[in-house]
Amino acid sequence: SITYNNQKENWHYGINAMAQTSEGHRFNAENQTRRLRTYFRYGNQEGRTYRFSHILSYSDIGHPGFISNPAYRKSRRLSQYYQLNGFYPLGNGHSMSHSIFINDFKTLYYHRDDSPEGYKDTIKTKYDDMTIGYRSEMLITKFSQWILMIGSDIDWSKSEVSIFDSKYDTPTQISIGSFIQSKYSIGNGWSFGSGLRFDYRRSDPGGNFQKRIFTNW
C-alpha cells in the first residue's frame, strides 16, 4: 500500500494504491485484490466543503466450496465508485449536506483451467450492476443538549445477469427513504439516541412480470 496526500491553499488531494495477494488456506481459496482511491476536496473560510472521491477496484477470487466436495469456480470483479459531496452551514445552528454517487461493478464467474472434464462448465455467468443515488441531510445543533438530523435518500439500480436473459429483461429497482435521528445529552456522561425511518421500494423485473412495492417503518 502506498499513499500520497497534499494541500495547496484551499485544495486537498490524495491518492492511495493497494495490492494484496493470498494463496488461501486450502484448494481454490486464493485471491488477488487491487484498489486505487483518489479524492479532491475544496474548503473555504465560511465552512463550505466540496469533495469528489473515486475508487477503482479489481479482484480475482476463488470459491473453495467444501473440503469433501471442492469447487473449481472463481470470480473476477471490476468495480468503480464515484461520489460528489457538498457541505455548507446555513447559520443559527443549521447546516446542510448533499451527496451524489454512482456505483458500477461487473462480475464474471468462471471455472479454473484445471477443472475436471466432467465438472468443467463452459457457461460463464456475467453480472453487470449499476446504482445511482442521492442523499440530503440537515443537521440541527442550535440546542445546547440536543442534536437532530433530518434527511432523505433515493437510489435507482439495474442488474443484468446472463443466466436470466432468457426469462427476464433488465430488472430495475427504485428506493426512497426519509429519516430523523436525535441525540439528547442527559448529563453525567449519559445520552439518549433515537430515530425513525420510512422506506419505499419498487422492483420491476421487466417483461410481463408483476412489479412489486415494499414499504417499511
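The values are calculated or read from the model by the stated rules, or taken from the named source; none is laboratory data. Just so it is clear, the model here is predicted, and its values are computed rather than measured. Because the Cβ atoms are built from the backbone with ideal geometry, glycine has one as well, and the counts that use them run over all protein chains shown. Keep in mind that these areas ignore ligands, DNA and RNA; they rest on the heavy atoms of the full protein, side chains included. Shrake-Rupley method; radii C 1.70, N 1.55, O 1.52, S 1.80 Å.
Details
- Summing charges over all other residues whose Cβ lies under 11 Å from the Cβ of PRO70, with Lys and Arg as +1 and Asp and Glu as -1, gives +3.
- The stretch 24-105 - percent of accessible surface contributed by carbon and sulfur, probe 1.4 Å: 57
- Summing charges over neighbours of GLY207, with a neighbour being any other residue whose Cβ is under 10 Å away from its Cβ, gives -1 when K and R count +1 and D and E count -1.
- Fully extended contour minus Cα-Cα distance, from SER159 to ASN188, at 0.36 nm per residue: 5.4 nm
- Taking 0.36 nm per residue of sequence separation and removing the Cα-Cα distance, the ALA71/LEU90 pair yields an extension gain of 1.2 nm.
- Most mobile of GLU117, GLU46, GLU23 in a GNM of the chain (Cα contacts under 10 Å): GLU117
- Listed values (i) 41, 26, 19; (ii) 33, 23, 14; (iii) 29, 20, 13, entry calculated as semi-axes √(5λ) of the Cα gyration tensor in Å: (i)
- Neighbour net charge for ASN16 - beta-carbon separation under 13 angstrom, K R +1, D E -1: +3
- Size of electric dipole in the stretch 132-193: Cβ of Lys, Arg +1 and of Asp, Glu -1, about Cα centre, debye, nearest 20: 360
- Residue among ILE100, ALA71, SER57 farthest towards the positive dipole end of the stretch 1-110, charges placed on Cβ: ALA71
- Multiplying the residue separation of TYR81 and SER144 by 0.36 nm and subtracting their alpha-carbon distance yields 18.9 nm.
- Principal semi-axes in Å for the stretch 19-65 [√(5λ), Cα gyration tensor, largest first]: 40, 8, 8
- Cα centre as origin, Lys/Arg/Asp/Glu Cβ charges: the chain dipole, Debye: 300
- The residues of the chain expose, per residue, 68 Å² of accessible area to a 1.4 Å probe.
- Cβ-Cβ distance of THR125 and LEU36, R₀ of 41 Å, FRET efficiency by 1/(1 + (r/R0)^6): the value works out to about 0.95.
- 3J(HN,Hα) along the stretch 12-20: 10, 8, x, 8, 9, 10, 9, 9, 9 Hz, from the Karplus curve 6.51 cos²θ - 1.76 cosθ + 1.60 with θ = phi - 60°, whole Hz, x for Gly and Pro.
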